[in-house]
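Undergrad: Have a look at this one.
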Amino acid sequence: MKIATFNVNGIKARYGIVSDWLREDAPDVAVLQEIKSTDETFPREVAEDAGYELHTHGQKGFNGVAILSKRPVEDVTRGLAPLPGGEEDDEQARYIEGTVIGERDAVRICGLYLPNGNPAPGPKYDYKLAWMARLEARARELLAQEIPFLMTGDYNVLPTDMDAARPQVMAEDALALPPTRRAFQRLLNLGLTEAFRARHPGQPGHYSYWDYQAGAFERNHGLRIDHFLLSPAIADRMTDCTIQSDMRARQKPSDHVPVWLDLDI
DNA sequence: ATGGTGGTCCCACCA
């Protein structure tokens, strides 16, 4: 099964690119972020005419996530639960889960758009760290229930300096600050595998995002911030993980490109 | 300095 994550930066602006991509590259499951649509204004036919089941969690103007699947999807849930101790529900549409039924086995797919967090420090950074704590709590639950799962999407996290073309420029950024990296490392310490780095250890220069400004793509001034985290049972089924960087060279591209995971399930 | 979106007719917000 081929699963792709793609921050599209607006599904309406990316209609043609996503339509062509689904037909030509044909992921079994596509996990989208920044759809910037509500559940009502998402152009459903871009998915359904290409043969996909569509599950959205959107809001007006910003954020929004979706799961597109050629395989049946069961038990779709939206949003991350508040931590015990009582915050409120997340008002921003950033998280969706569904169980995708493979040919032999099922996998719980968690699609996420983690808050950017800039400027840091500040309330937006506090929100990012609180959101990461909620995500960690959800990962602990799924592990405790022994549900095979993966968490994928735009993490807005640079795990190490190797994941930025110019790490010194990012040193004070919310994507790279020590509390951000520690929160990401706590996820890994639960026993999750970061798929791309596990398949390509010690290889710099591989990015999933390039700023629109100042010729960043042409200079390969990129960031690797779109990730797959795999539970142990799913990590055992990984056969490949790649970045589709050529998508950034198309007309009217997103600033992110798809990242692909191949699973033997 | 680039782009998407939404509310107004150029500007603010977000990345």
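Read the figures in this text as sums done on the coordinates, not as results from a lab. Nothing here was measured: the structure is a model prediction, and the numbers come from that model. Positions of Cβ are generated from backbone atoms using ideal geometry, with glycine treated the same way; all protein chains shown enter the neighbour counts.
Undergrad: Can you tell which of A:Ile109, A:Val157, A:Tyr15 lies farthest toward the positive end of the dipole of region A:2-263, using +1 and -1 charges on the Cβ of basic and acidic side chains (Lys, Arg; Asp, Glu)?
TA: Of the candidates, A:Val157 comes out farthest on the positive side.
Undergrad: Under 12 Å from the Cβ of A:Arg199, count the other residues' Cβ atoms, weight Lys and Arg +1, Asp and Glu -1, and hand me the total. Write out the running numbers ahead of the final one.
TA: Values: positive: A:Arg197; negative: A:Glu194, A:Asp240, A:Asp262.
Neighbour charge sum, excluding A:Arg199 itself: -2.
Undergrad: Under 10 Å, Cα contacts only: if you run a Gaussian network model on chain A, which one of A:Pro119, A:Pro253, A:Pro232 comes out with the highest mean-square fluctuation?
TA: Fluctuation is largest for A:Pro119.
Undergrad: Compute the distance from the alpha-carbon center of region A:1-27 to that of region A:129-189, in whole Å.
TA: Computed from Cα coordinates, the inter-centre distance equals 24 Å.
Undergrad: Shifting gears a bit: Give me a comma-separated list of calculated 3J(HN,Hα) values for region A:108-118, in order, Karplus coefficients 6.51, -1.76, 1.60 applied at θ = phi - 60°, integers in Hz, x for any Gly or Pro.
TA: Each residue of region A:108-118 in turn: 7, 9, 10, x, 9, 10, 6, x, 5, x, 7 Hz.
Undergrad: Next question, about the same structure. Order the peptides A:130-138, A:166-174 from the highest to the lowest mean number of other Cβ atoms within 10 Å of their residues.
TA: A:130-138, A:166-174
Undergrad: Moving on to the next point. Under a 10 Å cutoff between Cα atoms, tell me which one of A:Ala183, A:Ala214, A:Ala50 has the largest fluctuation in the Gaussian network model of chain A.
TA: Maximum among the listed residues: A:Ala214.
Undergrad: Further question on the same structure: Determine the gain in length on full extension of the stretch A:Asp264-A:Asn118; use 0.36 nm per residue of separation and subtract their C-alpha separation, reporting nm with one decimal.
TA: 48.8 nm
Undergrad: Next up: Could you work out how far apart the two model spin labels at A:Arg181 and A:Glu146 are, taking each label as a point 7 Å from the Cα in the direction of the beta carbon, and quote it in nm?
TA: 3.7 nm
Undergrad: Right, something else. Quick check for me: using +1 on Lys/Arg Cβ and -1 on Asp/Glu Cβ, what's the dipole size of chain A about its Cα centre, in debye to the nearest 20?
TA: Working: 30 positive and 40 negative charges, 116 e Å.
About 560 debye.
Undergrad: When Lys and Arg each count +1 and Asp and Glu each count -1, what net charge do the other residues less than 11 Å away from A:Thr41, Cβ to Cβ, add up to? The partial results should precede the final answer.
TA: On the way: positive: A:Lys12, A:Lys36, A:Arg44, A:Lys60; negative: A:Asp39, A:Glu40.
Net local charge, A:Thr41 excluded: +2.
Undergrad: Separation between the A:Asp25 and A:Asp240 pseudo-spin-labels, each 7 Å from Cα along Cα→Cβ, expressed in nm?
TA: 1.3 nm
Undergrad: Next question, about the same structure. In nanometres, what is the gap between the two model label sites at A:Asn220 and A:Gln92, each 7 Å from Cα along Cα-to-Cβ?
TA: If labels sit at A:Asn220 and A:Gln92, their model points lie 3.2 nm apart.
Undergrad: Given axes a ≥ b ≥ c from the Cα gyration tensor, I'd like to know whether chain A is rounded (a/c under 1.5), prolate (a/b larger than b/c) or oblate.
TA: Note, shape of chain A comes out rounded.
Undergrad: A follow-up question, please. Does region A:222-265 come out rounded, prolate or oblate, given a ≥ b ≥ c as the square roots of the eigenvalues of its C-alpha gyration tensor, rounded meaning a/c under 1.5 and, failing that, prolate meaning a/b above b/c?
TA: It comes out prolate by the Cα gyration axes.
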